[in-house]
Amino acid sequence: MSTENINYPVAERLQALSESATIAMAVKARELQDQGHHVIKLNLGEPDFPTPENVQKAAIKAIEDGKHFSYSPVPGYPELRQGIADKLKKDNSLDYKPEDIVVSTGAKQSIANVLLSLVNPGEEVIIFTPYWVTYIEQVKLAGGKAVLVEGGIENDFKVTPEQLKAAITDKTKAIMFSSPCNPTGSVFTKEELGALAEVIKAHKNIFVISDEIYEYINFGGQHASMAEFADIKDRVVIINGFSKGFAMTGWRVGYIAAPTWIAKACNKLQGQFTSGTCSIAQRAALAAITGDRAATDQMAEAYLRRRNLVKGLLDEIDGIKTNEPKGAFYIFPDISAFFGKSNGETTINNSYDFAMYLLQDAHVSVVDGGAFGAPNCIRISFAASDEELKEAIVRIKNSLEKLK
Ligand code: PMP
């Protein structure tokens, strides 16, 4: 029986959420695979490397020790919060106390905690666009209004201080962005962040939610954080986690570093939702953050090599316009030159059509930019082997040559 026309009484807050636009693509990709086609998946937002061995071993030891089978403290084990505070001092020259840190079930939960703790219904959250999909949905869940401010490809997808200034109203509660950025790979320099901080300094009621989860995948060297600016540090919440830099997506460990009162609020909220995250995963995260970073550095080197490979090959295709990603593992080309073109059967009207065409014709899956608020672009992940990446871009090139 079809359930399509039945109106289930789902709560209104859920009705406002968007369905993932990529579901139809995922279904199509599965269909093609079931038919025996080799689909190259460049749509995923996760490292293609295993979790480093020292981290895996720490989890095994946590089980063998037999001490980590109970609920952990809501904001995370004290040793892990101290380890994170030490990391912030060592890597970022930032002073935080363990009480300022809340460990959560992934950075995704960290962001939800912060938004639900800070945003009142009707308040505005400025989101730098292109944005990570979840931001806008979580702002809606908190009852807030997402205000999108767009950085164009000509400015490396970065929002300028003037744009930020123009978007601030008396309802603005927070500003949220990622650097390095998912989906564009753009990285704000310390000077650029400083210029944004200068704007924020004048607005004492505005908070910054600074998503730094790709910190360790930065091709330009030293990571810069919004919390480095003393004038606004008491209004900055750093979001970070273990998923990307330590290839730990499935372990579900993220954290915030924030003014103590915000950490307390998140702790209160988390205590009613999930409690502390998985005790074993926390022991693994402690090994990751206190241990040798060789595996992280090697992964970052591989992403840089692949960035160069993918950008070089894409730049040889007529009609594709790229920026140079300075971090993360995505490239976000503008493909709008293909809008209106057709292979005789399919006409490309937007980035969703473009992504679907690549899937059907080239058997390469990417994500359409509409999902990130940038309908002229597509997101290609280069968290895949060099061979797969080369093969994928040859296939893309061949498919695009059929469009007239
Ligand atoms: N922020 C950004 C920008 C991301 O890309 C992701 C993962 N795709 C997250 C946060 C969430 O990471 P996790 O919940 O796995 O820690």
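Read the figures in this text as sums done on the coordinates, not as results from a lab. Nothing here was measured: the structure is a model prediction, and the numbers come from that model. Note that we place each Cβ from the backbone using ideal geometry, even for glycine, and neighbour counts take in every protein chain shown.
Between Glu150, Glu228, Glu12, the GNM of the chain built on Cα springs shorter than 10 angstrom shows Glu12 fluctuating the most.
Computed 3J(HN,Hα) for region 215-222, one whole-Hz value per residue from the Karplus formula 6.51 cos²θ - 1.76 cosθ + 1.60 where θ = phi - 60°, is 3, 7, 10, 10, 7, x, x, 4, glycine and proline marked x. Stokes-Einstein diffusion of the chain at 10 °C, 1.306 mPa s viscosity, Kirkwood radius from Cα pairs, rounded to a whole number: 72 µm²/s. For region 55-290, the Kirkwood hydrodynamic radius comes to 17.9 Å, computed from all pairs of different C-alpha atoms.
With respect to the cross-link table entries Lys90/Lys326; Lys264/Lys326; Lys97/Lys326; Lys61/Lys87; Lys90/Lys140; Lys140/Lys171, which display a Cα-Cα separation exceeding 27 Å? Beyond 27 Å: Lys264/Lys326; Lys97/Lys326; Lys90/Lys140.
Under 5 Å from the amide H of Val102 lie the amide H atoms of Ile256, each residue being 5 or more positions distant or on a separate chain, with H modelled from the backbone and absent for Pro and chain starts.
Take 66-74, 314-322, 158-166 and order them by the average number of nearby Cβ atoms within 10 Å per residue, most first; the result is 158-166, 314-322, 66-74. When region 55-290 is described by a simple charge dipole with +1 on each Lys and Arg Cβ and -1 on each Asp and Glu Cβ, the residue from Ser186, Leu286, Ala167 located farthest towards its positive end is Leu286. A Gaussian network model of the chain, with springs between Cα atoms under 10 Å, assigns the largest mean-square fluctuation among Ile238, Ile40, Ile60 to Ile60.
Just how far, in whole angstrom, is region 194-268 from region 5-56 if you go by their alpha carbon centroids? About 27 Å separates the Cα centre of region 5-56 from the one of region 194-268. Neighbours of Ala16 by Cβ distance under 15 Å: Lys/Arg scored +1, Asp/Glu scored -1, total 0. Residues Ser243, Ser275 in ascending order of nearby Cβ atoms (within 10 Å, fewest first): Ser275, Ser243.
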